[in-house]
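The block underneath contains the structure these notes are about, expressed in structure tokens.
The values are calculated or read from the model by the stated rules, or taken from the named source; none is laboratory data. Keep in mind that this is a model prediction, so the values were computed, not measured. FYI the Cβ positions are ideal-geometry reconstructions off the backbone, even for glycines, and counts take in every protein chain you see.
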């Protein structure tokens, strides 16, 4: 008899989140706090938010790079629309992309000088009125 729990275990391992940490966007009108997973390694960045069926409000993933670089994202195997915020080394917003198309292979970017790319649920930029005047602050 087959163990019916094995496939669920394998799927859980595929989508298990990284440890969440707080991140704040300091905006002229308010501070916005998110609980985000940080993808530091090439393997973590490659997987990103793939295969996630839901993304709770005010959560997301921060793609972190060692030095400023041109960064492009895509939505391969990503089931939920995302807002993507590209940020430089000082926390300044370089570009905002809203409600990206799930499963699209069309590149988003590249955005030159990126050190962090923040992915949050689609509609977050509009709901929180996030603008280029906001500054990213990652808690230590």
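A few comments on the model shown:
- Test: residue 127 is without any contact (Cβ under 8 Å) to a residue 24 or more places away in the chain, surrounded by fewer than 16 Cβ atoms within 10 Å (Cβ to Cβ) and over 21 Å from residue 43 (Cα atoms): yes
- Filtered residue count, the range 24-52, keeping only those that are out of contact with any helix residue (DSSP H, G or I) (no Cβ under 8 Å at 6 or more places or on another chain), assigned to a loop (DSSP other than H, G, I, E, B) and loosely packed, with under 13 Cβ neighbours inside 10 Å: 3
- Looking only at residues of the range 19-37 that are in contact with a strand residue (DSSP E or B) (Cβ under 6 Å, 6 or more places away or on another chain) and without any contact (Cβ under 8 Å) to a residue 40 or more places away in the chain, we find that the one that is farthest from residue 61 (Cα to Cα) is 31.
- Selected residue [surrounded by fewer than 18 Cβ atoms within 10 Å (Cβ to Cβ) and part of a loop (DSSP other than H, G, I, E, B)] from 56, 68: 56
Each row is one residue, and each column tells you yes or no for (1) within 12 Å of the chain's Cα centre (by Cα); (2) under 19 Å from residue 52 (Cα atoms).
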| site | (1), (2) |
| --- | --- |
| 65 | no, no |
| 76 | no, yes |
| 86 | yes, no |
| 89 | no, no |
| 94 | no, no |
| 97 | yes, no |
| 105 | no, yes |
| 110 | no, no |
| 117 | yes, yes |
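- Candidates are the residues of the range 3-18 that are in a loop (DSSP other than H, G, I, E, B) and either under 17 Å from the mean Cα position of the chain (by Cα) or under 13 Å from residue 60 (Cα atoms) (or both); the one that is modelled with the highest pLDDT is 18.
- Evaluated against (1) at pLDDT 95 or above; (2) more than 20 Å from residue 107 (Cβ to Cβ); (3) touching a helix residue (DSSP H, G or I) at 6+ places or on another chain (Cβ under 7 Å), residue 83 falls short on exactly one condition, (2).
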